[in-house]
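**Student:** Please see the structure below; I have some questions.
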2 protein chains.
Amino acid sequence: MKHNFGAGPCILPKEVFQEASQAVLDFNNTGLSILEISHRSKEFEEVVVETERLVRELLNVPQNYSVLFLQGGASQQFAMVPLNLLPEGGKAAYFDTGVWATKAAKEAKKIGQVEIVASSSDKNYNYIPKGFEIPADSAYFHYTSNNTIYGTEVFEKPTTSVPTVVDMSSDILSRVIDITDYDLIYAGAQKNMGPAGVTLVIIKDEILGRSGRSLPSILDYEPHIKAGSMYNTPPVYSIYVSMLNLRWLKAKGGISVIEQENIVKARTLYDEIERNPFFKGTAAVEDRSRMNVTFVMENSDLEAEFLALSKERNLIGIKGHRSVGGFRASIYNALSITSINALVDAMREFEEKHK
Amino acid sequence: MKHNFGAGPCILPKEVFQEASQAVLDFNNTGLSILEISHRSKEFEEVVVETERLVRELLNVPQNYSVLFLQGGASQQFAMVPLNLLPEGGKAAYFDTGVWATKAAKEAKKIGQVEIVASSSDKNYNYIPKGFEIPADSAYFHYTSNNTIYGTEVFEKPTTSVPTVVDMSSDILSRVIDITDYDLIYAGAQKNMGPAGVTLVIIKDEILGRSGRSLPSILDYEPHIKAGSMYNTPPVYSIYVSMLNLRWLKAKGGISVIEQENIVKARTLYDEIERNPFFKGTAAVEDRSRMNVTFVMENSDLEAEFLALSKERNLIGIKGHRSVGGFRASIYNALSITSINALVDAMREFEEKHK
């Protein structure tokens, strides 16, 4: 058994892979592959409707929010958000917690004025700044809720009266949130929602129509809302597999149940990192992510050897991002405690061998 | 056996479905699903490289053209083309051969000046206008090579000295073309290339960098070119299945071989439409598409009955688009002559019953 700690695209449940594989041969006993059905067929329309219903149910999305399945990932949202929400001459507030937050701000700067309201770049983004001011005249405030590279997560939404936009690509569906705290949420699917190729967007309808810009239809949220995510041919298979994964999450008991599992998984791994004298965490303790656990070795010369041992133990994808070094264990919803224990066992085995 | 005449997403070869299904369980004996591997893994980088190599080989793409795999379909290209190629104050020439060509022009009009150089809207787009002028001061000339709804196809590229941009979504890879006749080709994959969720773009590099516009990175071809289609997380599975389908096409003997099959398939069906007194074609004979065969009944009251018979005979997706009515048989690369014969048999059976 391989333990997939990859940062994304990443592990999904085995049951999802099995059903997703079968549907490529025969989708719902139609005699057709899910890859060859029309996106306008009744069968696929039901998939889109069910996927939206599951998102609404699992995240408790109120009726005055729209739920969209788009293409282009978070990177496309970096442009769509300011195009739709930032009027000419207006200003947007961005919170700089890492590379992805920086990219979002950089793209917004091409479209209008951007103010960076806080940054943790002084310490290579190993913490989440707190207690900063967000100008009340900002068109919106943008942040990234989980920073995969640095292993930090924003558990408490910064206080502000302006519309709040969040890139939740890597922690959506992993913990209970109150949608009404936010005005626009976007998330590339390829962590906890599904495979690469689809992007979830949840928008409070009333914040739209304010930028006054003439937009290409594909970049304007409104045509997508009017068409129920079918303005153009949607990424059929990515939506279908997302539906299977959301069904799995619902059958497990929903987000409050997976959140408890995620807490236990993260604690188990962080506890070992703290206990084991060979390892140390890189993120500020109070901001440690439950999705991406970043750690290095006290003696970095030993890192190659631990990486080799991990490979032998079938622990996949734990090499850290080059900007942090060391290791990163991504422990998304579908990764079981068994895999966490396998990693902990490898860390202990390494300790035994070297002490 | 179902005969899938759907207009797209559409039939792909059975062998492709089988391998695509297996890879969802175990990709290339990695012990991981294709849906959970990192897009930065060596294994997936090889997929992207091979997919590009196959496109270059099959279409004989010269080295001074870039090959990209993007998201957002042709609809996103409707915006990206003018944003990248149309300078402020410049003008683009569009050829109006149907709804998709109209949409492309409409999106371009949001970005700059557009001149419609010819249109067949006078006859519900049932022919391809010829012999029109394309102003030499146009930044580019845009057309749609195959019009799925009306069953018309542009076999001869209109003569012009300005850069030529073609939406080949529904006939790319179906017939031999000379890439050097074109400056930018785009195609949503979901006809002859692969499943929905990926868009092929082939660009002559020298036409880029001319619009002088500051673009969001995701809408700018250059970052995608520099990153080898990995500027952001690509639609992993859609690219992978496209690779399988391109391998299938290569193993068959390439485009010149499939073109001959497509000619025979189209002729067989058009011959029956002409012979059978109950049916008649809707497109001008010289412009009839080899990909989408549109036809109606002499007595339209009988159409519901023929549709019912088709369903009994497992002929899927032959109902015509509402703007033309009647029937549309989409006969893409992967549809075999066996399926064409099944449709012809149903037409003859219907004739026998009613004569």
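**Student:** Could you grab me the full set of residues in the range B:12-44 that are surrounded by fewer than 22 Cβ atoms within 10 Å (Cβ to Cβ), more than 26 Å from the chain's Cα centre (by Cα) and charged (D, E, K, R)?
**Tutor:** Selection gives B:Asp26, B:Arg40, B:Lys42, B:Glu43.
**Student:** Right, A:Ala136: in a loop (DSSP other than H, G, I, E, B) and in the same structural domain as A:Lys204 (by TED's automatic domain parsing) or not? Don't jump to the end; show me each part of the working.
**Tutor:** Numbers: in a loop (DSSP other than H, G, I, E, B): yes; in the same structural domain as A:Lys204 (by TED's automatic domain parsing): yes.
Yes, satisfied.
**Student:** Give all pairs with beta carbons closer than 7 Å in which a residue from the range B:120-143 that is under 13 Å from B:Asp287 (Cβ atoms) meets a residue that is among the charged types (D, E, K, R); count only pairs at least 6 apart in sequence or on separate chains.
**Tutor:** Going by the 7 Å Cβ cut-off, the qualifying pairs are B:Tyr127/B:Asp287; B:Ile128/B:Asp287.
**Student:** Restricting the search to the range A:321-335, which residues are in a loop (DSSP other than H, G, I, E, B) and touching a residue at least 40 places away in the same chain (Cβ under 8 Å)?
**Tutor:** Taking the range A:321-335 and keeping what is in a loop (DSSP other than H, G, I, E, B), we get A:321-326, A:331-335.
Correct list: A:His321, A:Ser323, A:Val324, A:Gly326, A:Ile331, A:Tyr332, A:Asn333, A:Ala334, A:Leu335.
**Student:** Right, B:Pro62: in contact (Cβ under 8 Å) with a residue 40 or more places away in the chain, in a loop (DSSP other than H, G, I, E, B) and more than 30 Å from B:Tyr150 (Cβ to Cβ) or not? Full working, then the answer.
**Tutor:** On the way: in contact (Cβ under 8 Å) with a residue 40 or more places away in the chain: yes; in a loop (DSSP other than H, G, I, E, B): yes; more than 30 Å from B:Tyr150 (Cβ to Cβ): yes.
When the stated conditions are applied, B:Pro62 passes them.
**Student:** Which of the following residues is buried (at least 19 other Cβ atoms within 10 Å of the Cβ), at negative phi and in contact (Cβ under 8 Å) with a residue 40 or more places away in the chain: B:Asn276, B:Asn292?
**Tutor:** On the way: B:Asn276 fails: buried (at least 19 other Cβ atoms within 10 Å of the Cβ).
Result: B:Asn292 is the single residue among B:Asn276, B:Asn292 that is buried (at least 19 other Cβ atoms within 10 Å of the Cβ), at negative phi and in contact (Cβ under 8 Å) with a residue 40 or more places away in the chain.
**Student:** Do you know which residues across the range B:227-265 are within 14 Å of another protein chain (Cβ to nearest Cβ), in a helix (DSSP H, G or I) and under 29 Å from A:Thr199 (Cα atoms)?
**Tutor:** Kept after step one, since they are within 14 Å of another protein chain (Cβ to nearest Cβ), are these residues of the range B:227-265: B:227, B:229-245, B:248.
Now drop any that are not in a helix (DSSP H, G or I), which leaves B:236-245, B:248.
Scanning the range B:227-265 gives B:Val236, B:Tyr237, B:Ser238, B:Ile239, B:Tyr240, B:Val241, B:Ser242, B:Met243, B:Leu244, B:Asn245.
**Student:** Right, here's the next one. How many residues does the range B:322-353 hold that are within 25 Å of the chain's Cα centre (by Cα), under 16 Å from B:Asn4 (Cα atoms) and not hydroxyl-bearing (Ser, Thr, Tyr)?
**Tutor:** Of the range B:322-353, the ones within 25 Å of the chain's Cα centre (by Cα) are B:322-344.
Cutting the leftovers down to under 16 Å from B:Asn4 (Cα atoms) gives us B:327-344.
So of that shortlist, the ones also not hydroxyl-bearing (Ser, Thr, Tyr) come out as B:327-329, B:331, B:333-335, B:337, B:340-344.
Looking only at that region, the number is 13.
**Student:** Given the residues B:Ser66, B:Ser75, which is the only one that is in contact with an Asp or Glu (Cβ under 7 Å, 6 or more places away or on another chain) and surrounded by 18 or more Cβ atoms within 10 Å (Cβ to Cβ)?
**Tutor:** B:Ser66
**Student:** Applying the selection to the range A:103-126, what residues are assigned to a loop (DSSP other than H, G, I, E, B) and either over 15 Å from A:His142 (Cβ atoms) or in contact with a Lys or Arg (Cβ under 6 Å, 6 or more places away or on another chain) (or both)?
**Tutor:** The first filter runs over the range A:103-126 and keeps only residues assigned to a loop (DSSP other than H, G, I, E, B), leaving A:110-112, A:120, A:124-126.
Those that are assigned to a loop (DSSP other than H, G, I, E, B) and either over 15 Å from A:His142 (Cβ atoms) or in contact with a Lys or Arg (Cβ under 6 Å, 6 or more places away or on another chain) (or both): A:Ser120, A:Asn124, A:Tyr125, A:Asn126.
**Student:** Additional query: Just checking, which of B:Glu274, B:Glu305 is out of contact with any strand residue (DSSP E or B) (no Cβ under 8 Å at 6 or more places or on another chain) and among the acidic types (Asp, Glu)? Outline the logic, then answer.
**Tutor:** On the way: B:Glu274 fails: out of contact with any strand residue (DSSP E or B) (no Cβ under 8 Å at 6 or more places or on another chain).
That would be B:Glu305, the only listed residue that is out of contact with any strand residue (DSSP E or B) (no Cβ under 8 Å at 6 or more places or on another chain) and among the acidic types (Asp, Glu).
**Student:** Of all residues in the range A:261-273 being of a type outside the set (Lys, Arg) and within 18 Å of the chain's Cα centre (by Cα), which is surrounded by the fewest Cβ atoms within 10 Å (Cβ to Cβ)? If you could, list the steps in order and put the result at the bottom.
**Tutor:** To start, the set of residues in the range A:261-273 that are of a type outside the set (Lys, Arg) comprises A:261-264, A:266, A:268-273.
Add one more test, that the residue is within 18 Å of the chain's Cα centre (by Cα), and what stays is A:261-263, A:266.
On the way: A:Glu261: 17, A:Asn262: 21, A:Ile263: 13, A:Ala266: 21.
Per the stated criteria, the residue is A:Ile263.
**Student:** Another question about this same structure. For the structure I just gave you, tell me whether B:Ala304 is in a helix (DSSP H, G or I) and over 26 Å from the mean Cα position of the chain (by Cα). Write out each step before concluding.
**Tutor:** Details: in a helix (DSSP H, G or I): yes; over 26 Å from the mean Cα position of the chain (by Cα): yes.
In short, yes.
**Student:** Pairs only if they're at least six apart or on different chains, beta carbon under 6 angstrom, first in the range B:185-200 and more than 17 Å from B:Glu52 (Cβ to Cβ) and buried (at least 24 other Cβ atoms within 10 Å of the Cβ), second modelled with pLDDT under 95 and small (Gly, Ala, Ser); list them, first residue then second.
**Tutor:** Here the result reads B:Gln190/B:Gly8; B:Lys191/B:Gly8, each pair linking the range B:185-200 to a residue that is modelled with pLDDT under 95 and small (Gly, Ala, Ser).
**Student:** Looking at B:Lys103, B:Lys110, B:Lys91, can you tell me which residue is touching a Phe, Trp or Tyr at 6+ places or on another chain (Cβ under 8 Å) and either within 12 Å of chain A (Cβ to nearest Cβ) or not hydroxyl-bearing (Ser, Thr, Tyr) (or both)? Even if it seems obvious, please write down each step before you answer.
**Tutor:** On the way: B:Lys110 fails: touching a Phe, Trp or Tyr at 6+ places or on another chain (Cβ under 8 Å); B:Lys91 fails: touching a Phe, Trp or Tyr at 6+ places or on another chain (Cβ under 8 Å).
After ruling out the rest, the residue left standing is B:Lys103.
**Student:** Kindly indicate the residue of the range B:207-226 that is at the interface with chain A (Cβ under 9 Å from one of its Cβ atoms) and out of contact with any Leu (no Cβ under 6 Å at 6 or more places or on another chain) and also surrounded by the most Cβ atoms within 10 Å (Cβ to Cβ) among those meeting that condition.
**Tutor:** From the range B:207-226, those at the interface with chain A (Cβ under 9 Å from one of its Cβ atoms) are B:214-219; that's our starting set.
Still in the running and out of contact with any Leu (no Cβ under 6 Å at 6 or more places or on another chain): B:214, B:216-218.
Numbers: B:Ser214: 9, B:Pro216: 21, B:Ser217: 19, B:Ile218: 25.
Residue satisfying both the conditions and the ranking: B:Ile218.
**Student:** Restricting the search to the range A:161-189, which residues are of a type in the set (Phe, Trp, Tyr) and in a loop (DSSP other than H, G, I, E, B)? Steps first, answer last, please.
**Tutor:** Our first condition is that a residue be of a type in the set (Phe, Trp, Tyr); within the range A:161-189, this holds for A:182, A:186.
Residue satisfying the conditions is A:Tyr182 alone.
**Student:** Given the options B:Val81, B:Val49, name the one that is buried (at least 19 other Cβ atoms within 10 Å of the Cβ), among the hydrophobic types (A, V, I, L, M, F, W, C) and at pLDDT 95 or above.
**Tutor:** On the way: B:Val49 fails: buried (at least 19 other Cβ atoms within 10 Å of the Cβ).
On inspection, the qualifying residue turns out to be B:Val81.
Conditions (1) of a type in the set (S, T, N, Q); (2) out of contact with any helix residue (DSSP H, G or I) (no Cβ under 6 Å at 6 or more places or on another chain); (3) within 12 Å of chain A (Cβ to nearest Cβ), marked per residue:
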{"site": "B:Leu307", "(1), (2), (3)": "no, yes, no"}
{"site": "B:Glu312", "(1), (2), (3)": "no, yes, no"}
{"site": "B:Phe327", "(1), (2), (3)": "no, yes, no"}
{"site": "B:Tyr332", "(1), (2), (3)": "no, yes, yes"}
{"site": "B:Leu335", "(1), (2), (3)": "no, yes, yes"}
{"site": "B:Thr338", "(1), (2), (3)": "yes, yes, no"}
{"site": "B:Leu343", "(1), (2), (3)": "no, yes, no"}
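**Student:** Ok, one more. If you scan the range A:8-38, which residues turn out to be in contact (Cβ under 8 Å) with a residue 40 or more places away in the chain, within 7 Å of chain B (Cβ to nearest Cβ) and not in a helix (DSSP H, G or I)?
**Tutor:** A:Pro9, A:Cys10, A:Ile11, A:Leu12, A:Leu35, A:Ile37
**Student:** Ok, one more. Among the residues of the range A:135-170, write down those that are of a type in the set (D, E, K, R) and under 13 Å from the mean Cα position of the chain (by Cα). I'd like the intermediate steps shown before the answer.
**Tutor:** Restricting attention to the range A:135-170, the residues satisfying the condition of being of a type in the set (D, E, K, R) are A:137, A:153, A:156-157, A:167.
Scanning the range A:135-170 gives A:Glu153, A:Asp167.
**Student:** Moving on. Could you grab me the full set of residues in the range A:101-125 that are within 21 Å of the chain's Cα centre (by Cα) and either crowded, with 21+ Cβ neighbours inside 10 Å or aliphatic (A, V, I, L, M) (or both)?
**Tutor:** Listed by number, the residues that qualify are A:Ala101, A:Ala104, A:Ala105, A:Glu107, A:Ala108, A:Ser120, A:Tyr125.
**Student:** Taking the range A:60-74, which residues are on the phi > 0 side of the Ramachandran plot and away from chain B (no Cβ under 11 Å)?
**Tutor:** Correct list: A:Asn60 only.
**Student:** Would you mind stating whether A:Pro158 is crowded, with 19+ Cβ neighbours inside 10 Å, in contact with a helix residue (DSSP H, G or I) (Cβ under 7 Å, 6 or more places away or on another chain) and in a loop (DSSP other than H, G, I, E, B)? I'd like the intermediate steps shown before the answer.
**Tutor:** Working: crowded, with 19+ Cβ neighbours inside 10 Å: yes; in contact with a helix residue (DSSP H, G or I) (Cβ under 7 Å, 6 or more places away or on another chain): no; in a loop (DSSP other than H, G, I, E, B): yes.
No: the conditions fail for A:Pro158.
The values are calculated or read from the model by the stated rules, or taken from the named source; none is laboratory data. Just so it is clear, the model here is predicted, and its values are computed rather than measured. As a convention, Cβ positions derive from the backbone with ideal geometry for all residues, glycine included, and neighbour counts pool all protein chains shown.
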